[in-house]
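Q: What follows is a single structure, and I will ask about it in a moment.
The values are calculated or read from the model by the stated rules, or taken from the named source; none is laboratory data. In this text, all values refer to a predicted model and were calculated from it rather than measured experimentally. We place every Cβ from the backbone using ideal geometry, glycine too, and count neighbours over all the protein chains shown.
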Amino acid sequence: MKKIILLVLITFNSFCIAQKLTITPTGLKDANDNEKTFVVIPVEGKTAKQLYDDAIKYITKTYKNPDNVIKGRTEGEYLKFHTYAPRFIFIRNGMKVYFDAEYITELSFKDGKVKYEIVDLEMHNPDNNNPLVFSGGTFDWSIYNKKGEVKKEDAKTDFDNYFNSQIQSLSTFLQGKATDDKW
C-alpha cells in the first residue's frame, strides 16, 4: 500500500512539474521540453466547454476590466487575453531598473485539459522605454548573453516565478480549488 501511495505522489509531483514555463534565450518554453512554447494544465472530469466557462470566470474575477482584456474567443475552444503587469521585473545594473510587461495569453480547451501559451510578450522600462529582451540586448537589458548563458540569474528566477504563479493560479481556479468568499 505504501508503494502505491508513493507511486501516486511521484506521478502527481512529476505531473505538476510539467506545468511550468521557463525563460530561455529564445523565449518562454516548457520547463521539461524546450521544443514546446506552451504547457498543458490537466483538469480531470471537466469538458472543454466547462473549462472555457471557468476561464471566463477566472478573467472576470482577476481583471479590473475583463471585457477589455479579452482579445479573441471561440466558445468552448479558444480564449485569448491581454495582461499589463507594471513593475513586472527588475534588473540590477548598479541599481534596480524596473520593467513593465504586456503579454497575450492564449488558452485552448479540450476535455480534461487546457493548453496555456504566452503568444506575445513585450517588456520595457517605463521611464525611458528601453526594451528588455531575452538575449543579447543593448545597455545590458537582457537576461541571457549572446552565447546563451544566463547573465541575470535573479531576473530569470523572478521571470520564471511570475509566469509559473500565473499558471498555478489559473490551474487552481479551473480545478475548483480556489478559495471562495465565505459569507
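Q: For residues in segment 95-118 being among the aliphatic types (A, V, I, L, M) and under 15 Å from residue 166 (Cβ atoms), which is surrounded by the most Cβ atoms within 10 Å (Cβ to Cβ)?
A: Kept after step one, since they are among the aliphatic types (A, V, I, L, M), are these residues of segment 95-118: 95, 97, 101, 104, 107, 114, 118.
Those left that are additionally under 15 Å from residue 166 (Cβ atoms): 101, 104, 107, 114, 118.
Values: 101: 20, 104: 17, 107: 23, 114: 25, 118: 19.
So the residue we want is 114.
Q: Give 83, 47, 22, 62 a once-over and let me know the one that is polar (S, T, N, Q) and within 13 Å of residue 116 (Cβ to Cβ).
A: Unique residue meeting the criteria: 83.
Q: Would you tally the residues in segment 36-69 being within 24 Å of residue 23 (Cα to Cα) and assigned to a loop (DSSP other than H, G, I, E, B)?
A: 2
Q: Take residue 121 and decide whether it is part of a strand (DSSP E or B) and either under 19 Å from residue 165 (Cβ atoms) or touching a Pro at 6+ places or on another chain (Cβ under 6 Å) (or both).
A: yes
Q: Also: Take segment 105-158 and flag every residue that is more than 30 Å from residue 70 (Cβ to Cβ) and small (Gly, Ala, Ser).
A: Within segment 105-158, 135, 136, 137, 142, 148 qualify.
Q: Now for a separate question. Quick one: residue 94 ticks every box in (1) under 29 Å from residue 142 (Cα atoms); (2) touching a helix residue (DSSP H, G or I) at 6+ places or on another chain (Cβ under 7 Å) except a single one, so which number is it?
A: Of (1) under 29 Å from residue 142 (Cα atoms); (2) touching a helix residue (DSSP H, G or I) at 6+ places or on another chain (Cβ under 7 Å), only one is false for residue 94: (2).
Q: Go through segment 77-100 and give me each residue that's aliphatic (A, V, I, L, M) and farther than 29 Å from residue 176 by Cβ.
A: Of everything in segment 77-100, those that are aliphatic (A, V, I, L, M) and farther than 29 Å from residue 176 by Cβ turn out to be 89, 91, 95, 97.
Q: Anything in segment 1-47 that is modelled with pLDDT of 95 or more and among the aromatic types (Phe, Trp, Tyr)? List them, or say none.
A: Listed by number, the list holds a single entry, 38.
Q: Further question on the same structure: What single numbered condition from (1) under 19 Å from residue 25 (Cβ atoms); (2) surrounded by 15 or more Cβ atoms within 10 Å (Cβ to Cβ) fails to hold for residue 80?
A: (1)
Q: Could you list all residues from segment 71-105 that are among the charged types (D, E, K, R), part of a strand (DSSP E or B) and more than 19 Å from the chain's Cα centre (by Cα)?
A: Residues satisfying the conditions are 92, 96.
Q: Output the number of residues of segment 97-133 satisfying the condition of being touching a helix residue (DSSP H, G or I) at 6+ places or on another chain (Cβ under 7 Å) and either among the acidic types (Asp, Glu) or on the phi > 0 side of the Ramachandran plot (or both).
A: Total satisfying the criteria: 1.
Q: Can you run down the residue pairs with Cβ atoms below 9 Å, 6 or more apart or on separate chains, where the first is in segment 97-112 and over 13 Å from residue 75 (Cα atoms) and the partner is of a type in the set (Asp, Glu) and crowded, with 17+ Cβ neighbours inside 10 Å?
A: Correct list of pairs: 105/117; 106/117.
Q: Now a separate question. Looking only at segment 140-171, count every residue that is free of Cβ contacts under 8 Å to residues at least 40 places away in the same chain and hydrophobic (A, V, I, L, M, F, W, C) and tell me the total.
A: 1
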